[in-house]
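Asker: One structure coming up, written as structure tokens, with questions to follow.
The values are calculated or read from the model by the stated rules, or taken from the named source; none is laboratory data. Quick caveat, the model's predicted, so the values are computed rather than measured. As a convention, Cβ positions derive from the backbone with ideal geometry for all residues, glycine included, and neighbour counts pool all protein chains shown. Surface areas here come from the heavy atoms of the whole protein model, side chains and all, with no ligands, DNA or RNA. Shrake-Rupley method; radii C 1.70, N 1.55, O 1.52, S 1.80 Å.
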Amino acid sequence: MAGFKVRSVLVTGSNRGIGLEFIHQFLKSPNPPEKIFATCRDPESPQSQELKNLSTKNPNVIVIPLDTTELASVNASVKEVEKHLKGKQLDLLINNAGIQTPVTLDSQTSEDMLHVYNVNVVGPMLVTQAFHPLLKRAEGLGNSGVVHISALLGSLTKVPVLFSAFPVISYRCSKAALNMLSRCQAEGYKQDGIISIAIHPGWVQTNLGGDQAPLTTEASVSSMMKIISTLNKDQSGTFVDLEGKILPW
Ligand code: NDP
């Protein structure tokens, strides 16, 4: 956007992988946000040490516990964010936390299907719902945004191309549902000036993406930062790749 201003941002699952890289890149951006709410399930775990170090060195990085699937945790995080925003709006919410399990059509179980749906769809739904009042404080269409980190594996159109290599049934179904959630939020929150977009981050070297992935977290997130920096209302309700090109549902 010729100027989507991010003075405050909240990222879920920011203790590692793509989420952690978002925190690094917001800090390095030409105009770093005044408040970077770096949320993760367990700030005290060894997996969150790098994030905690960033927060010690940078007072604008505020680490907040947030398990996106637990309503009490979501509500507590809103209260904590509110203490820091003091009535100002949250400009950007990045629903990044997600999981993938290695299941096939034969090995898929109902427990796994529900668990993955809970993290990848119910979580972003609960978090967006809870932060909606803070996001809609931004006045004028296009002044705040929700970015859902989706996946090409959730594209119905692309199933014939990618199915044999990556069956991951529960993950695919959950990301297709996440895209629908994003599309619904774009429509439902239009009058509040909230943009909702789903982005495929590419195949990225993380715990989830594995070592064979071609993209580093730096490369993936720097492309997504470009998309975010030019986010506008015309993109709301779309599903895009790292170049900002529309992907088929
Ligand atoms: P990682 O496995 O590296 O990180 C996943 C993050 O999600 C961790 O911070 C993890 O926290 C967090 N998380 C999981 N469950 C919850 C929960 N209930 N509440 C809060 N946080 C939770 O994966 P990536 O960085 O690769 O994935 C980030 C997003 O990108 C996901 O939505 C994924 O689907 C998407 N994506 C990734 C691709 C890739 O190739 N890597 C490709 C396409 C999409 P904890 O440390 O506590 O487990």
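Asker: Convert each backbone phi in segment 71-86 into a coupling constant with the Karplus relation 6.51 cos²θ - 1.76 cosθ + 1.60 (shift: θ = phi - 60°), then list the ³J(HN,Hα) values in order as whole Hz, x for Gly and Pro.
Answerer: For segment 71-86, the Karplus-derived couplings read 4, 5, 5, 4, 5, 5, 5, 4, 4, 5, 4, 4, 4, 7, 7, 6 Hz, x marking Gly and Pro.
Asker: Kindly report, to the nearest 10 Å², the accessible surface of MET225 as traced by a 1.4 Å probe over protein heavy atoms only.
Answerer: 30 Å²
Asker: Compute the accessible area per residue over segment 112-249, keeping the other protein chains in place, probe 1.4 Å, unit Å².
Answerer: In whole numbers, segment 112-249 has 44 Å² accessible per residue.
Asker: With a/c under 1.5 counting as rounded, go ahead and sort segment 163-249 into rounded, prolate or oblate using the C-alpha gyration tensor (a ≥ b ≥ c being the square roots of the eigenvalues; past the cut-off, prolate if a/b is larger than b/c, else oblate).
Answerer: It is oblate, given that a/c is not under 1.5 and a/b is not larger than b/c.
Asker: To continue, here is another question. Straight-line reach from LYS57: which lysines fall under 22 Å, measuring Cα to Cα and dropping same-chain residues less than 8 apart?
Answerer: Correct list for LYS57: LYS28, LYS35, LYS83.
Asker: Continuing with the same structure: Tell me which aspartates and glutamates have Cα within less than 20 Å of LYS88's Cα, excluding those fewer than 8 residues away on the same chain?
Answerer: Within the straight-line cut-off, LYS88 pairs with GLU34, GLU80, GLU139, ASP192.
Asker: If I stretch the segment between ASP42 and THR230 completely, what's the gain in nm (0.36 nm per residue apart, minus their alpha carbon distance), one decimal?
Answerer: In short, 64.5 nm is gained.
Asker: Continuing with this model, one more query. Classify segment 1-104 as rounded, prolate or oblate, taking a ≥ b ≥ c as the square roots of the eigenvalues of its Cα gyration tensor: rounded when a/c is under 1.5, otherwise prolate if a/b is larger than b/c and oblate if not.
Answerer: Because its axes are fairly even, with a/c under 1.5, segment 1-104 counts as rounded.
Asker: Moving on. Mind listing the long-range amide H neighbours of VAL103? Cut-off is under 5 Å, sequence gap 5 or more, other chains count too, H placed in the peptide plane at 1.01 Å from N.
Answerer: Under 5 Å from the amide H of VAL103: VAL168, ILE169, SER170.
Asker: Accessible area, 1.4 Å probe, largest first: how do PHE163, PHE4 sort?
Answerer: PHE163, PHE4
Asker: Oh, and also: Among the lysines, which have Cα under 16 Å from the Cα of LYS245 when same-chain residues fewer than 8 positions away are ignored?
Answerer: Partners within reach: LYS158, LYS226, LYS233.
Asker: Return the sequence-ordered ³J(HN,Hα) values of segment 29-36 in whole Hz as given by the Karplus equation 6.51 cos²θ - 1.76 cosθ + 1.60 applied to θ = phi - 60°, using x for Gly and Pro.
Answerer: 5, x, 10, x, x, 5, 10, 10
Asker: For PRO33, what is the net charge nearby, where nearby means another residue's Cβ is under 12 Å from its Cβ and Lys, Arg count +1, Asp, Glu -1?
Answerer: +3
Asker: With θ taken as phi - 60° and the coefficients 6.51, -1.76 and 1.60, list the Karplus ³J(HN,Hα) couplings across segment 6-16 in order, rounded to whole Hz; mark glycine and proline as x.
Answerer: Going residue by residue, I get 10, 8, 8, 9, 10, 10, 8, x, 9, 8, 7 Hz, with x marking Gly and Pro.
Asker: What whole-number distance in Å separates the alpha-carbon centres of segment 60-136 and segment 213-249?
Answerer: Computed from Cα coordinates, the inter-centre distance equals 20 Å.
Asker: Where the only charges are on Cβ atoms (+1 Lys, Arg; -1 Asp, Glu), what is the dipole of the chain about its Cα centre, to the nearest 20 debye?
Answerer: Using only the charged Cβ atoms, the result is roughly 740 debye.
Asker: Sticking with this one: Given the -39500 (n - 2.57) contribution per DSSP H run of 4+ residues, what per-residue ellipticity at 222 nm results for the chain, rounded to the nearest 500 deg cm²/dmol?
Answerer: Value at 222 nm, helices only: -11500 deg cm²/dmol.
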